[in-house]
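Structure first, then comments.
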Amino acid sequence: MKEVLGPKLTVNWRYFSLEQVSSKEGPEWKLWEQPQGYTSRGRNAFHAAEAARNQGEAAFEAFHIALLKARHEEHRDIADMATLSEVAEGVGLDMAQFRKDLNDRRLLGKLAEDHTFAVETLNIFGTPTLVFPEQQAVFLKMTPPPAVEESVPLFADVRRLAEIRRQVSEIKRPQLRQ
């Protein structure tokens, strides 16, 4: 969509952990504070994305898009470090720097910051959530994804609904049985 809308669209990717929100450990438990060897569904991917961001925004965007494709189109396990390394190598990241940054736990601070802002300021509960100007947040679930030619008109519709119909707090369709 950014290719079509060009400079009219700025995407600021932020982290939100469903694992944190769904944790049975209680509100004091924090995904980003767990020890290095902790088995997580998403923390490695968050960490790897920040390692990619350390190589510049273009590197981050390339890594992020490739990671989304690996997860949603190729059905790969993005918690697996080998998968993350293959994705990083595939988009041309400096692998020595990438591996070094994966050992820097300070990068998890961005996950903590983004997630906390999303929950405490915007009341976000799920992903994907789009946040428009004036903090207008809209959770959006689509099955199946729209055709490429429908993506921009759909985005425009969602944005308009978020901006001018603030009284609409939820739209949901019952799922048809198949």
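With respect to residue 116, is the statement that it is hydroxyl-bearing (Ser, Thr, Tyr) and touching a residue at least 40 places away in the same chain (Cβ under 8 Å) true? When the stated conditions are applied, residue 116 does not pass them.
A residue that is farther than 18 Å from residue 44 by Cα, of a type in the set (Lys, Arg) and at pLDDT 85 or above cannot be found anywhere in the stretch 103-119.
On inspection, residue 151 fails the criterion of being of a type in the set (S, T, N, Q) and modelled with pLDDT of 90 or more. Among the residues of the stretch 157-178, the ones that are under 21 Å from residue 14 (Cβ atoms) and not in a helix (DSSP H, G or I) come to 0 in all. Could you count how many residues in the stretch 45-71 are part of a helix (DSSP H, G or I), under 17 Å from residue 96 (Cβ atoms) and either touching an Asp or Glu at 6+ places or on another chain (Cβ under 8 Å) or free of Cβ contacts under 8 Å to residues at least 60 places away in the same chain (or both)? Matching residues across the stretch 45-71 total 7. Within the option set 16, 98, being more than 14 Å from the chain's Cα centre (by Cα) and in contact (Cβ under 8 Å) with a residue 40 or more places away in the chain holds for one residue only, 98.
Considering only residues that are under 13 Å from residue 107 (Cα atoms) and surrounded by fewer than 16 Cβ atoms within 10 Å (Cβ to Cβ), which ones fall in the stretch 29-44? The answer is 33, 36.
Residue-by-condition table, conditions (1) within 29 Å of residue 58 (Cα to Cα); (2) modelled with pLDDT of 85 or more:
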site	(1), (2)
4	yes, no
8	yes, no
16	yes, yes
20	yes, yes
24	no, yes
28	no, yes
32	yes, yes
35	no, yes
40	yes, yes
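The values are calculated or read from the model by the stated rules, or taken from the named source; none is laboratory data. Fair warning: this is a prediction, and the values are worked out from it, not measured in the lab. Using ideal geometry, Cβ is built from the backbone for each residue, glycine included, and neighbour counts are taken over all protein chains shown.
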